[in-house]
Each structure stands twice: as structure tokens, then as C-alpha cells.
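First comes the structure, then the notes that go with it.
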Amino acid sequence: MNEIVHISRAFFEEVVQSILETELPEVAQVAACGVFGYGSECFGMDDEVSRDHHFGLRIDVLLPDEVHRSASSTVIETVGTQLPSSFRGYDLREGHVAGAGLAPESLEAFLTRTIGLTRGPETNVEWLKMPEEDIVHVTNGEVWYDPSGTFTGIRDTLSYYPDPVWLRRISHWCRYLSGMGVYALNRALIRKNYQYASITFARSIKWAIEIAFMLNRQYFPYDKWLDAYFRRLPTLADQMVPLVDEAVQLDSSWQRKLEILETLSDILDARMVEMGIIAAHPPFVGNETSGYRLLEHAYADIVQNLPDDVRNVVPQWDQVYLEEFHTEYVNGIMIEDWDRLLNLTPV
């Protein structure tokens, strides 16, 4: 984890924790504190580029909804009035803490905008309705303080998918990569539809990488962090990274891009056979107009062996809960303040 997280933890343990426990012990007993959720620093990916907004010392605090509604303003006032002006060179009047020392939020609201629930999932269907790239906003970062264990328990529950959910997601991503990727790209190139070819090629690379995460039993992150974490995968990265790097080069021909997607399909298929996810099968060849739809064979093999409660549930693949929250947030802010957050300067 990067420097700002280490210093934020020291700030909490040396300054804020004692204030909470002394002045607001009942709140402290139900609080979960750390750095987690949204932002590059929660993934250890903070750099100079990401520091142009919302950067600084950070203490995320989750409280039960009723406690948050009744006590959050008291928490901010009590802690804020006892803070030094800076801590280890960081101004405490800027960034996430913005004079308050911490950023309290309702636990239920945080979970709703990430996984769409107010608790951990209890059924396979609930698991399948959660966007994968938002599960990691619950499980990422660090939790330093959680006396009740509530948030830590939810993070533990979300450590990874139950097998039926895992297999259902793999199957559908195989469908995406093969049917909406390799097949679609092949036909786009036959028709010289390079706009659609560009769209489906980019999506196919993303889907191939995301399947690699699934086969490593690791959640994939939001798109902008996908490449960095992809390169760290224990398996498949060594085979796939050189191919992906070649495929995305502008001077790689369209035919070569298609060939690479077919090779990636072979690599992923072989790994699924090796893991026992699908049965061993003879080699296949595609045809001129349909291309090489290998992973749709895997899709059918997995789907036909899934339990009834997950087979017909299409996995969630977009950040719908975050976007619902974001729409409400933007609707409630002055547009001039929004422009400042966007670093837009009128001229």
C-alpha cells in the first residue's frame, strides 16, 4: 500500500482514534475505520496524475445508518476541533479529511452504491446481481479499526464467489468473448466495418483479461486498473501479457489482432480444461464467416452443468448501483462546484 495510506493510518492511530474512544465511545464501538472504497490509493495505484483531485490524508469511517444520521455531524465537529493544522507535512484542511479528520458515511449507503445490498449476499442470485468491479471497492484497501466486526465480516463474506456463481460468470464471459468478440470481429472485418471492429476488439481484450482474473479466482478491478493487476496474476499472465501488448499496438494489423484473440481463446480454454471447469475435447477449427467460436463451446459445457438457481440468471456486468448514486449526487450539487471538481476553469 502506498505512502498516503501508511500516513493516514498513523494519523488515525496517533490522533483520531483516541478522540473517538474518549469523546464518542458509543460511536467508536460501531465504527469501521480505514482506507477503502473508491480512489487510486485504495488499490495502491496512486500516482502524480491521480493527485489532481481528492488527494490527501484519508480516513473512511462507516457507521450503521441510524448512527450516521444521528451522530455524523457530532463526530465531524468533535474530531475537527481537536486536530492539528497538519500531520507529517499534509494539510488537514484539504483532501478527503477537509478539516474534519475523517469522512463518516452510512454503512448501508456505502454497500448499496457498491454491491446493491445493505449486507453481504445470502443467495447465489444476489451474488450474480453484484457488479464485480464494485465488489473490490468493498474488499480493497485496509480496515484498521472495527470493534463490532460488522464491516470486516462483510469483507470476509465477499472474499470470493461461491463456485456456482464463479462458474456462471465464467460461462457468460466466454459467451461475450466468443460470440460478441471473436465472431463479431471476424464479421466486421469481412464487411470492412472498421468502426465496429474497433469497438468489439477493445471489448474482447477486456473480456479475455477478465476471464484470466476469474480463472485465478481474483476479482477484476475497474477498467483503468485492469492492466496493472492483470500483469500480476499468478497464472495466465505470462502467456497472455505479451499477446495483449502486441494486439493493442496501432501497427498490429487487423488480421493479426484477430489471430491473437483466437490464441487467447485457446489459452483460456486449455486452462479451463486443466482446472476441470470444462471437459477435455478434441481440437476445433472455425470457418471463414463465423470465425473461431471456441469459447462458446466452453460456455455450453459450463451452462449445461450449472444448478437451476443460477443457470438463467444473467450476471451483472455494469456499475448500475454506483451510477444510481452518482446521478443523485450530481443532481444535488451546484454546477459551479461540480465544474471545480472536474477541474474545469471558465475562460
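The values are calculated or read from the model by the stated rules, or taken from the named source; none is laboratory data. Source: prediction; values computed, not measured. Cβ sites come from the backbone with ideal geometry, for glycine too, and all protein chains shown count toward neighbours.
Of note:
- Looking across segment 2-39, the residues that are out of contact with any Lys or Arg (no Cβ under 8 Å at 6 or more places or on another chain), more than 18 Å from Phe151 (Cβ to Cβ) and not charged (D, E, K, R) come down to Asn2, His6, Val15, Ser18, Ile19, Thr22, Pro25.
- A residue that is among the charged types (D, E, K, R) and farther than 30 Å from Ala298 by Cβ can be found somewhere in segment 152-166.
- Within segment 10-30, not a single residue is part of a loop (DSSP other than H, G, I, E, B), modelled with pLDDT under 95 and among the aliphatic types (A, V, I, L, M).
- Any hit, segment 83-94, residues being modelled with pLDDT of 90 or more and buried (at least 17 other Cβ atoms within 10 Å of the Cβ): no
- Qualifying residue in segment 247-260 (condition: out of contact with any Phe, Trp or Tyr (no Cβ under 9 Å at 6 or more places or on another chain) and within 30 Å of Trp127 (Cβ to Cβ)): no
- Residue within segment 253-265 that is closer than 25 Å to Asp134 by Cα and assigned to a helix (DSSP H, G or I) present: no
- The listed residue being surrounded by fewer than 22 Cβ atoms within 10 Å (Cβ to Cβ) and either modelled with pLDDT of 95 or more or of a type in the set (Gly, Ala, Ser) (or both), out of Tyr161, Tyr196: Tyr196
- Restricting segment 1-32 to residues that are over 25 Å from Thr139 (Cα atoms) and polar (S, T, N, Q), the residue that is surrounded by the fewest Cβ atoms within 10 Å (Cβ to Cβ): Thr22
- Among the residues of segment 306-347, those that are outside any helix (DSSP H, G or I) and without any contact (Cβ under 8 Å) to a residue 60 or more places away in the chain comprise Asn312, Gly332, Ile333, Met334, Leu342, Leu344, Thr345, Pro346, Val347.
- One residue stands out among those in segment 230-261 that are buried (at least 19 other Cβ atoms within 10 Å of the Cβ) and without any contact (Cβ under 8 Å) to a residue 24 or more places away in the chain: the one that is farthest from Arg191 (Cα to Cα), which is Phe230.
- Some residue of segment 304-315 being at pLDDT below 95, under 30 Å from Gly37 (Cβ atoms) and either touching a strand residue (DSSP E or B) at 6+ places or on another chain (Cβ under 7 Å) or not hydrophobic (A, V, I, L, M, F, W, C) (or both): yes
- Residue among Ala280, Ala228 that is assigned to a helix (DSSP H, G or I) and of a type in the set (A, V, I, L, M, F, W, C): Ala228
Rundown of residues vs (1) on the phi > 0 side of the Ramachandran plot; (2) modelled with pLDDT under 95; (3) within 19 Å of the chain's Cα centre (by Cα), yes/no style:
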site: Leu107; (1), (2), (3): no, no, yes
site: Phe110; (1), (2), (3): no, no, yes
site: Thr123; (1), (2), (3): no, no, no
site: Val138; (1), (2), (3): no, no, yes
site: Asp146; (1), (2), (3): no, no, no
site: Gly149; (1), (2), (3): yes, no, no
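- Taking the conditions (1) assigned to a helix (DSSP H, G or I); (2) without any contact (Cβ under 8 Å) to a residue 24 or more places away in the chain in turn, Ser204 satisfies each one other than (2).
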